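**Student:** What follows is a structure written as structure tokens; I'll ask about it next.
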Amino acid sequence: MQYFPLFADLRQRPCLVVGGGEVALRKARLLLAAGAKVTVNAPALHPALDCWQREERITHVPGEFRPELLTGQWLVIAATDDRAVNQRVWLEGNQRGVLVNSVDDPGSSSFIVPAIVDRSPLVIAISSGGAAPVLARRLRQWLETVLPRGLGALARLAGELRHKVKKRLPATARRGFWEAQFGGQFARHALAGRTSAALRAFHLELEQAAASPAPAGRISLVGAGPGDPALLTLKAMQRLGEADVVLHDRLVSAEILELARRDADIIAVGKHAGGGHAQEEIHALMLRHARAGRRVVRLKGGDPFIFGRGGEELAAARAAGIACEVVPGITAALGCAAATGLPLTLRHTARAVTLITAQGGDELDTLDWPGLGAAQHTVAIYMGAARAAEIRDRLTAHGRAPQTPVAVIQDGTTAAQRLVNGVLADLPDMLLRHGISAPALIVIGETAALARADSSEGAEILPGSSGARWRDIALAG
């Protein structure tokens, strides 16, 4: 984030605009709308600015820019048509610790003016960091068309009623109450300008909420998917936006965690080889926060019920009498297969698919190796890179051909995705040769030959010994 977004209170604050033309007029108008005390420094003024100074809405300081004009200013906008003058204003402002914006010159600015959607007191500011101001303006125009004009009235009314909610409801119940209001009759009436009806609906809901027991906490077991934030479900994003606490696995990306509420507690509880939080500790954390009336999101890579121990966490919540829901996610096998164009099943070629994990000392001993070794059967192996040689040996010993195609996908669906194609006989050497490490998914079966790196920037395909194509598989079928 190049620029820190903030909303400044400029009411009765001295602000300086250097320049007297059309651009200066636009900037002065914005500052006046924010209640600033505006001084304009320019040899001559635009007719509208001249009218404003005669009406004493602004102060005009004629002549060229002088550094002493910066004294006492809260912020300054350099809006002349001479870039050298604008740069001088910026340099002098920096020396004095004054924020300066040079119009259309982000390199000579300590702040930038965003595109604004004004539904006061609700204001939306949009910025591209100076990289694409036209794009920011286009986005503002789009938001202007989709955001109801009544949002300002709704926000004002909610502001007037906040003290009533604060007086009647405990802190743990207030946010949930307001979320219900903004999705219910109160908001619909206020947006339509029916203030009396909105107030009646609000007070009825408040009385009912005040008479109800304190809201209980809840737990949501949420699947974060294979890595790409765009693959989150709508419900997963909703739960992240509502969460008071997020307990997340080690492999959940920073981009996904950014989608959580800004004031939520983000707690890493991931496990790793030889360390991390014990499962009992995770259960205790979930239950402790839920018992305190908080909304807990247990954010798990992939899907909670596919090698994620979500079943144990659901059982712990139920045993404690705490409401718990499961929000499924796209598991790694499905996400990585889609990202590389690898069909896990295919008519006449792959009639079944089995998902297995190689984590844990005895996991491989309990598997149905004769079944896994059958032809036309895709095997997707989670966390199997460290045991690649054992997997190869067991499959070939139970009938799988050494030349069976293999695809290994590391960091699937992310910008760091890597893909290795090869055959089963070469699996351990292939992983070693290309430096494949966790998280990696191994897919073994006839359709693995079809895997190709996707077109997203950063995806990398590493050559192996398999050369099959869709046409070859189709003809074979």
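The values are calculated or read from the model by the stated rules, or taken from the named source; none is laboratory data. The model shown is predicted, which means the values in this text are computed figures rather than measured ones. Note that each Cβ is placed from the backbone with ideal geometry, even for glycine, and that neighbours are counted across all protein chains shown.
**Student:** Give me the pairs, please: first residue somewhere in region 172-186 and more than 13 Å from Arg162 (Cβ to Cβ) and not assigned by TED's automatic domain parsing to the domain that holds Arg291, second residue anywhere and of a type in the set (S, T, N, Q) and surrounded by 15 or more Cβ atoms within 10 Å (Cβ to Cβ), beta-carbon distance under 9 Å, and either six or more positions apart or on two chains.
**Tutor:** From region 172-186, no pairs qualify.
**Student:** In addition: Can you list the helices (runs of 4 or more DSSP H) lying wholly within region 239-352 that have 3 or more residues being touching a Lys or Arg at 6+ places or on another chain (Cβ under 6 Å) and outside the structural domain of Ala438 (by TED's automatic domain parsing)?
**Tutor:** Of the helices (runs of 4 or more DSSP H) lying wholly inside region 239-352, none has at least 3 residues that are touching a Lys or Arg at 6+ places or on another chain (Cβ under 6 Å) and outside the structural domain of Ala438 (by TED's automatic domain parsing).
**Student:** Go over the candidates Gly227, Gly193 one by one and state the one that is in a loop (DSSP other than H, G, I, E, B) and assigned by TED's automatic domain parsing to the domain that holds Arg288. Break it down stepwise before answering.
**Tutor:** Details: Gly193 fails: assigned by TED's automatic domain parsing to the domain that holds Arg288.
The conditions single out Gly227.
**Student:** If I ask for residues that are basic (Lys, Arg) and either touching a strand residue (DSSP E or B) at 6+ places or on another chain (Cβ under 6 Å) or assigned to a strand (DSSP E or B) (or both), which ones from region 381-420 would you list?
**Tutor:** Passing the criteria: only Arg418.
**Student:** Next up: For the list (1) out of contact with any Pro (no Cβ under 8 Å at 6 or more places or on another chain); (2) without any contact (Cβ under 8 Å) to a residue 24 or more places away in the chain; (3) among the small types (Gly, Ala, Ser), I need the number of the one condition that Ser120 fails.
**Tutor:** Only one criterion is unmet by Ser120, namely (2).
**Student:** Can you tell which of Leu232, Leu199, Leu206 is assigned by TED's automatic domain parsing to the domain that holds Arg295, in contact with a Leu (Cβ under 9 Å, 6 or more places away or on another chain) and at pLDDT 95 or above?
**Tutor:** None of the others qualify; the one that does is Leu232.
**Student:** Also, I was wondering about something else. So in region 13-45, with the set limited to residues that are in a loop (DSSP other than H, G, I, E, B) and within 37 Å of the chain's Cα centre (by Cα), which one is surrounded by the most Cβ atoms within 10 Å (Cβ to Cβ)?
**Tutor:** Within region 13-45, the first condition is being in a loop (DSSP other than H, G, I, E, B), and the residues that meet it are 13, 19-21, 34-36, 42-45.
After this cut, where a residue has to be within 37 Å of the chain's Cα centre (by Cα) as well, the list is 13, 34-36.
Numbers: Arg13: 17, Ala34: 15, Gly35: 12, Ala36: 23.
The residue in question is Ala36.
**Student:** Sticking with this structure for a sec: Kindly list, by first and then second residue, each pair from a residue in region 83-95 that is under 12 Å from Pro67 (Cβ atoms) to a residue that is at pLDDT 95 or above and surrounded by fewer than 17 Cβ atoms within 10 Å (Cβ to Cβ), limited to pairs with Cβ atoms under 6 Å and residues at least 6 apart or on different chains.
**Tutor:** Partner pairs satisfying both residue conditions: Glu92/Pro67.
**Student:** Report the residue count in region 353-375 for those that are at pLDDT 95 or above and in a loop (DSSP other than H, G, I, E, B).
**Tutor:** Number of matching residues: 0.
**Student:** Now a separate question. Please determine whether any residue of region 347-363 is more than 27 Å from Phe305 (Cβ to Cβ), without any contact (Cβ under 8 Å) to a residue 60 or more places away in the chain and of a type in the set (A, V, I, L, M).
**Tutor:** Within region 347-363 (the criterion being more than 27 Å from Phe305 (Cβ to Cβ), without any contact (Cβ under 8 Å) to a residue 60 or more places away in the chain and of a type in the set (A, V, I, L, M)), the answer is no, since none of the residues qualifies.
**Student:** Quick one: what pairs do we get from region 1-30, first residue in the same structural domain as Ile58 (by TED's automatic domain parsing), second among the acidic types (Asp, Glu), C-beta under 7 Å, 6+ apart or different chains?
**Tutor:** Gly21/Asp81
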